[in-house]
Amino acid sequence: MDRMLYVAMNGARETMLAQGTTSNNLANASTPGFKADLQQFRSQSVFGPGHPSRAYAMTERPATDFTPGPMVKTDRDLDVAVEGQGFIAMHSSEGEEVYGRSGNLRIDANGRLLTATGHPVLGNNGPIVLPEASKVDIGKDGRISIIPVGQGPDTIAVVDRIRLVKPPIKSIEKGEDGFIHLKPGEPAGLMAPDASVTLISGMLESSNVNPVDSLVEMINHGRKYELQVKMMKTADDTGRSTDALLRLN
């Protein structure tokens, strides 16, 4: 009965891990630019002394769904959405160059162009810093134009350009920090600026998570977990019955 118990326990644990992934997707259903994590179950043989006759359940995240999410109009100057495939280059909290599609940008007190979560957006020469301006516009190609404070509307200066990249999907992966990273071993040149990537100003890309599908998936995980718990209870009851029969002898 110990084999039955451990197999059921392993299935329950992996189902809980899958539930965590689904819960994270659902929690980010309204996060701009969020990409849903895919998941799958598969059997894993147990190797050791003797023939690998037993198999355990295993859940894994094989990939990320990079399908673009729906566009939402905001009419805000610093809101941009990546059109089609591509990403915006930025710095993570550790200073690593990473990529994302969240375009709800802001300018801090030091003039730095940041994401909504406070991560610096990268331009031609590193993090973008803007001079004080009465108006800021972001063009289709990522160029940032400003009207300096005290100047007329006909005085427009181009100060930098958001670095937009378009790597092959097979060369990137989503990290635990939520950003897109280049896979280990991939040449850095794949993440060079790509002129074919364009932005739509005054728009935001919504999450590509389908809340209804995620809710149904959570219900299915809950049922699978209950089934595994019942199997553990059955294994325990069977073991107790066996012990009682042995005591009678």
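Go over the candidates SER171, SER134, SER93 one by one and state the one that is within 20 Å of LYS35 (Cβ to Cβ) and open to solvent by 70 Å² or more (accessible area, probe 1.4 Å).
Answer to the selection: SER93.
Could you tell me whether any residue of the range 181-196 is touching a residue at least 24 places away in the same chain (Cβ under 8 Å), touching an Asp or Glu at 6+ places or on another chain (Cβ under 7 Å) and open to solvent by less than 30 Å² (accessible area, probe 1.4 Å)? For the range 181-196, residues touching a residue at least 24 places away in the same chain (Cβ under 8 Å), touching an Asp or Glu at 6+ places or on another chain (Cβ under 7 Å) and open to solvent by less than 30 Å² (accessible area, probe 1.4 Å): present. Flag: GLY33 does not match the condition of being outside any helix (DSSP H, G or I), of a type outside the set (A, V, I, L, M), open to solvent by 50 Å² or more (accessible area, probe 1.4 Å) and on the phi > 0 side of the Ramachandran plot.
Filter the range 43-96 down to the residues that are in a loop (DSSP other than H, G, I, E, B) and polar (S, T, N, Q), then identify the one that is modelled with the lowest pLDDT.
First, pick out the residues of the range 43-96 that are in a loop (DSSP other than H, G, I, E, B): 46-54, 61-63, 65-70, 74-78, 84-86, 92-96.
Within this subset, residues satisfying the condition of being polar (S, T, N, Q) are 53, 67, 74, 85, 92-93.
Working: SER53: 68, THR67: 92, THR74: 94, GLN85: 91, SER92: 90, SER93: 88.
Only one residue fits best here, namely SER53.
Of all the listed residues (ALA244, ALA235), the sole one being surrounded by 11 or more Cβ atoms within 10 Å (Cβ to Cβ), farther than 29 Å from ARG76 by Cβ and of a type in the set (Gly, Ala, Ser) is ALA235.
Checking ALA81, ALA116, ALA63, ALA55 one by one, the residue that is under 19 Å from LYS183 (Cβ atoms) and small (Gly, Ala, Ser) is ALA63 and no other.
When GLY152 is tested against (1) modelled with pLDDT of 90 or more; (2) open to solvent by less than 30 Å² (accessible area, probe 1.4 Å), just one condition goes unmet, and that condition is (1). Being part of a helix (DSSP H, G or I), surrounded by fewer than 17 Cβ atoms within 10 Å (Cβ to Cβ) and within 22 Å of the chain's Cα centre (by Cα) is a property that SER23 has.
The values are calculated or read from the model by the stated rules, or taken from the named source; none is laboratory data. Given the structure is predicted, the values throughout are model-derived calculations rather than measurements. Because the Cβ atoms are built from the backbone with ideal geometry, glycine has one as well, and the counts that use them run over all protein chains shown. Ligands, DNA and RNA are excluded from the accessible area calculation, which covers all protein heavy atoms including side chains. Shrake-Rupley method; radii C 1.70, N 1.55, O 1.52, S 1.80 Å.
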